[in-house]
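Undergrad: Mind having a look at this structure? Questions to follow.
The values are calculated or read from the model by the stated rules, or taken from the named source; none is laboratory data. Note that the structure is a prediction, hence the values are computed from the model and not measured. FYI the Cβ positions are ideal-geometry reconstructions off the backbone, even for glycines, and counts take in every protein chain you see.
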Amino acid sequence: MTKDGPHLVGLNDIYAAQEVIHPHLHRTPVAGASYLGERVNATLFFKLEMFQKTGSFKPRGVLNNMHNLSGEEKRLGVISLSAGNHAQALAYAASMSGIPATIVMPANAVTSKVEATRGYGGEVVLTSDDLMETTLEIQRQRNLTLVHPFDSLDTIAGTGTLGLELLDDLPYADVVVVGIGGGGLISGVAAAIKLNNPNVRVIGVEPEGAPGMTRSLASGVPEHLDTLDTIADGLAAPFVGQHNLDHVQAFVDDVVLVSDAQIAEAMGLILERGKVLAEAAAASTYAALLSGKVSLSTGETVVCVLSGGNVDVARLVSILGG
């Protein structure tokens, strides 16, 4: 893996990942949102990753990881940890190649995401213990290969393909807003964008109840969160990866925090006026605009990455107060 400095992917890595994964994925659309843009005084577009395979951006990084496994690693199988979207992506990608996949998920994971992961052929291990510790213990016992959901250069190169697509579709974009959980998505997107056009502002968004990257930027080292409290389960990573912190420090202009109430409002507006169902993690990007956390100049072209749409009906009703 080529590095442009400490632990950073380069454009060649991202283009190589694009070559590997594009036959197996959708080229997701970019859609204008005029009314929602008027609400925030911007020309607004959404990158609709809920229309990606498995309903989120996650297969981008997973497929790039799987391509780089050795024959023996494929035979023995892979393992990872996830609240849901990465779990589904890993199970999907592994099943395509006949590779056994085990995914450790929190005991309180969204039921629909657990069921979908099993439906794609993954073995799910539910735990109330530390996800990473449980994952590493099973990995040692079974001699499996860890496919990290975010703290991996292969994962970051894969997610960077989303950034390349954005630049192709909207070369005149001024601002790109991306949600942050562990940091895998924003690491790749920001690298792809900034290495092509450093004038584009890249803004990260975290929930107030899961501010891992915000704390990591403040301390200068990856932080672990003892408690997580947010409706955006896709952004509720218990820790930030070192590779991800490196990329955010190098390529991201700002990271802002939004409340669950702001996320819920954005989620409802995207559904009502945008006519697409964005899960809470995805809606956080528009929440950052709607709440005024991102400073915009009049008429700027802004892209919100809607990272996925995997939300079950009961949770949707609960969030939107129906």
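Undergrad: Take the conditions closer than 23 Å to Ala107 by Cβ, crowded, with 19+ Cβ neighbours inside 10 Å and modelled with pLDDT of 95 or more and apply them to Thr159. Does it pass?
TA: no
Okay, residues lined up against (1) surrounded by 24 or more Cβ atoms within 10 Å (Cβ to Cβ); (2) closer than 21 Å to Leu235 by Cβ:
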residue: Leu48; (1), (2): no, yes
residue: Gln52; (1), (2): no, yes
residue: His86; (1), (2): yes, yes
residue: Ser95; (1), (2): no, no
residue: Val104; (1), (2): yes, yes
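Undergrad: I would also like to ask the following. Any idea which of Lys113, Lys74, Lys58 is over 30 Å from Pro171 (Cα atoms) and within 19 Å of the chain's Cα centre (by Cα)?
TA: Lys113
Undergrad: I would also like to ask the following. For the range 202-213, what are the residues that are surrounded by fewer than 20 Cβ atoms within 10 Å (Cβ to Cβ) and farther than 13 Å from Pro238 by Cβ?
TA: Within the range 202-213, Glu208 is the sole residue that qualifies.
Undergrad: Do you know which residues across the range 282-298 are under 16 Å from Thr43 (Cβ atoms), hydrophobic (A, V, I, L, M, F, W, C) and not in a loop (DSSP other than H, G, I, E, B)?
TA: Once the filter is applied, which keeps residues that are under 16 Å from Thr43 (Cβ atoms), hydrophobic (A, V, I, L, M, F, W, C) and not in a loop (DSSP other than H, G, I, E, B), the range 282-298 yields Leu289, Leu290.
Undergrad: Just wondering, is there one or more residues in the range 170-180 that are in a helix (DSSP H, G or I) and farther than 20 Å from Gly84 by Cα?
TA: No.
Undergrad: Determine the pairs where a residue that is assigned by TED's automatic domain parsing to the domain that holds Ala287, located within the range 212-230, has a partner that is among the acidic types (Asp, Glu) and not in a helix (DSSP H, G or I) with Cβ atoms under 6 Å apart, the partner being 6 or more residues away or on another chain.
TA: Gly212/Glu223; Met213/Glu206; Thr214/Glu206; Arg215/Glu223; Ser216/Glu223
Undergrad: Let me ask another. Sort out which residues of the range 106-127 are surrounded by fewer than 24 Cβ atoms within 10 Å (Cβ to Cβ), closer than 21 Å to Gly179 by Cβ and among the hydroxyl-bearing types (Ser, Thr, Tyr), and write them in order of number.
TA: Ser112
Undergrad: Which ranges mark the helices (runs of 4 or more DSSP H) fully within the range 1-115 that have 3 or more residues being closer than 21 Å to Val240 by Cα?
TA: In the range 1-115, 59-67, 85-97 are the helices (runs of 4 or more DSSP H) which contain 3 or more residues that are closer than 21 Å to Val240 by Cα.
Undergrad: Does any residue in the range 289-313 that is surrounded by 15 or more Cβ atoms within 10 Å (Cβ to Cβ) come within less than 9 Å, Cβ to Cβ, of a residue that is in a strand (DSSP E or B) and among the polar types (S, T, N, Q) six or more places away or on a different chain, and which pairs are these?
TA: Going by the 9 Å Cβ cut-off, the qualifying pairs are Glu300/Thr43; Thr301/Thr43; Val302/Thr43; Ser307/Ser56; Gly308/Ser56; Gly309/Ser56; Asn310/Ser56.
Undergrad: I would also like to ask the following. Look through the range 93-107, keep the residues that are out of contact with any strand residue (DSSP E or B) (no Cβ under 9 Å at 6 or more places or on another chain) and not aliphatic (A, V, I, L, M), and return whichever of them is modelled with the lowest pLDDT.
TA: Ser97
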